[in-house]
Amino acid sequence: MKRVTLIGVLIGAAALMTACGQSQSTGITQPISASTAQVQTVQTEETDLAAETAEEGMTAGNMVGAENTAAGGTAAPADSVQTLYPTASGDLQQDKDTYYRVKAELDAIDIEISNLEAAYRVGSLDDQSFQSQRAALREQERELDIQEDMLENVVERYYYQTMEIPQGDIQALLDQLSQVDRQKNDQESQERQLKMQYRNGEISREDFVNAMQDSISLEEELDVKEEMLEDSLERLGWDD
């Protein structure tokens, strides 16, 4: 009787150990499975994010190409449109060149938006393409406006620091002012012609920007000369 009881105890103990082993095995397996699922989820999210980023980059590139085509003329490289210019560098000559380039780019974008709107009005551009391309051009315009504001005072200060104050009597100063007015009229006429050529697709975007950069440089210089001449005339008591 005692022998039977001992065997029963041993059998019961074995069963208890087996149950505990299964319970421990299950307890370990579940956290590992959960961790694996979490890793797979993170990897999936990272893959989706990379795919979305790549897709956005391709979309932006396509939009730029479409904008240049809608603007008329030879399509410009995408980077020439999307360039973000630095703020004032401390090098006055470099800041001047950057300022003129920014203003020329703004003139180009203004024409491109105008051509885009014209294409939309005549039905050669669908609504979705028109809205997306115009939004991209407006964003570039805002970025360039910021750069222009940052550099404008630097360039103006450069001219006032480097240009000589006009000298002479009232008549001599009036003659100089008249000459500046003639130069400004010629410059404005050339600028209008450049804009018309680009609007009609007769010149490339890069040629337009380069030519406008030179024209704007002359315009800024003539504006400062005009202001300085008027200031000198006022000091002499002249009143127009």
Subject >> For the range 149-229, diffusion coefficient by Stokes-Einstein and Kirkwood Rh (Cα), 10 °C, 1.306 mPa s, µm²/s >> reply: 111
Original post:
Taking neighbour counts of Cβ atoms within 10 Å as a proxy for exposure, in what order, fewest first, do Ser132, Ser124, Ser232 appear?
Top reply: Ser124, Ser132, Ser232
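Coordinate-derived values only; no laboratory data. Computed from a predicted model, the values in this text were never measured in an experiment. Using ideal geometry, Cβ is built from the backbone for each residue, glycine included, and neighbour counts are taken over all protein chains shown.
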